[in-house]
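S.K.: Dumping the structure here so I can ask a few things about it.
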Amino acid sequence: AFRKIEEKAGDLTRWLDQFNKLQPLDPAGEPIPNTPTNPSLLTRFNLAGTLFSSTTLINTASFLTGLLETIVLLFFLLAVGDRFLETLVGALPGQTDKDEAVAIVNDVQRNISRYLLTVTMINCCLGLLVAATMLWLRMPNPVLWGVVAGVLNFMPYFGPLTGVTVLVMAGLLSFPSSVGQALLPAAVYLGLHAIESNLITPAILGRRLTLNPLIIFLALMFWTWLWGIPGALLSVPLLMVFKILCNHTKPLAPVGEFISG
């Protein structure tokens, strides 16, 4: 695939090189003598070298390190189990505070579980639809594109944008003779995502689990900056936890209502 992209970009590179080497002309249309041509500003397009440069390898190592840290943190959280809740409840002074803490934890567990289960089922259905559509459009590896679409849909905004970009590149490689046919897979995927995100998911999740799109985007940027890809995947669940805490705390109730949009 890299070689094909380099070949396609090579034609444009050679044309720009020729254009850059043109000599200026005088009013009569003759080349001005003793005028050096502009040096070539473009080098050979090397996509593979760009993608696998030292900077990219460093970023990949950083991502793998963050993923390992996330797995270890998840292991310790699961190992602690209910002891953390018991310690928290035991540290609270009054029985009312203890009951409120238990109610908050139960509400968080119930809503987050419902959200993750619902979103997982929706993304699996979206992945099946994308795979079937890619098979119908004669795209190579349709199952792969279905899995990619389902996984990327866990990441708001950035995930679908990445999916569209990758499908555009794959379409141009798979159907080099027709631009319309090459862009059709990405357009169909974008249409399916628009229907899912604007109609299906809000109708299934309901008002209680609805979040303000602006707050989701801000939370996504913050957690992506803090934890990278794992932070992007956890941004919405963490925002929902904060919303539930606000709903159970009277001074923060307006903040919870604002997050709900």
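The values are calculated or read from the model by the stated rules, or taken from the named source; none is laboratory data. None of these values were measured; they are calculated from a predicted model. As a convention, Cβ positions derive from the backbone with ideal geometry for all residues, glycine included, and neighbour counts pool all protein chains shown. Surface accessibility is based on the protein's heavy atoms, side chains included, excluding ligands, DNA and RNA. Shrake-Rupley method; radii C 1.70, N 1.55, O 1.52, S 1.80 Å.
S.K.: What list of ³J(HN,Hα) values in whole Hz, one per residue of the stretch 83-95 in order, does the Karplus curve 6.51 cos²θ - 1.76 cosθ + 1.60 (θ = phi - 60°) give from phi, with Gly and Pro shown as x?
M.R.: 5, 5, 5, 4, 5, 5, 5, x, 7, 6, x, x, 5
S.K.: Computed over the Cα atoms of the stretch 78-172, what is the convex hull's projected area averaged over all directions, in nm²?
M.R.: For the Cα atoms of the stretch 78-172, the hull's average projected area reads 8.2 nm².
S.K.: In nanometres, what is the gap between the two model label sites at Asp99 and Leu74, each 7 Å from Cα along Cα-to-Cβ?
M.R.: 3.7
S.K.: Could I ask something else about it? Using a probe radius of 1.4 Å on heavy atoms only, what accessible surface per residue do you get for the stretch 152-192? Whole Å² is fine.
M.R.: Result: 47 Å² of accessible area for each residue.
S.K.: To the nearest 0.05, how large is the calculated FRET efficiency for Leu218 and Ser178 if R₀ is 41 Å and r is the Cβ-Cβ distance?
M.R.: Rounded to the nearest 0.05, the efficiency is 0.50.
S.K.: While we're here: Using alpha carbon coordinates only, what is the Rg to Rh ratio of the stretch 202-261, with Rh defined as the Kirkwood radius?
M.R.: The Rg/Rh ratio comes out at 1.00.
S.K.: Something else now. To one decimal place, what Kirkwood hydrodynamic radius in Å is obtained for the stretch 58-217 from all pairs of distinct Cα atoms?
M.R.: 18.9
S.K.: What is the spin-label model distance, in nm, from Val255 to Leu161 if the labels are put 7 Å beyond Cα along the C-beta direction?
M.R.: Going from the Val255 label point to the Leu161 one covers 2.7 nm.
S.K.: Also: Hey, what D do you get for the stretch 137-207 in µm²/s if you plug the Kirkwood alpha-carbon radius into Stokes-Einstein at 37 °C and 0.692 mPa s?
M.R.: Answer from the Stokes-Einstein relation: 257 µm²/s.
S.K.: Could I ask something else about it? Evaluate the distance, in nm, between pseudo-label points positioned 7 Å from the Cα of Arg110 and of Arg83 along their respective Cα→Cβ axes.
M.R.: If labels sit at Arg110 and Arg83, their model points lie 2.8 nm apart.
S.K.: Can you run phi through the Karplus equation (6.51, -1.76, 1.60; θ = phi - 60°) for the stretch 148-157 and list ³J(HN,Hα) in whole Hz, with x for Gly and Pro?
M.R.: 4, 5, x, 5, 5, 6, 6, 9, x, 6
S.K.: Using the Cα centre of the stretch 48-183 as origin and beta-carbon charges of +1 (Lys, Arg) and -1 (Asp, Glu), tell me which of Tyr157, Val72, Ala91 is placed farthest towards the positive end of the dipole.
M.R.: Tyr157
S.K.: Report the full-extension gain for the segment Thr120 to Leu64: residue separation times 0.36 nm, less the Cα-Cα distance, to one decimal in nm.
M.R.: Value of the extension gain: 17.8 nm.
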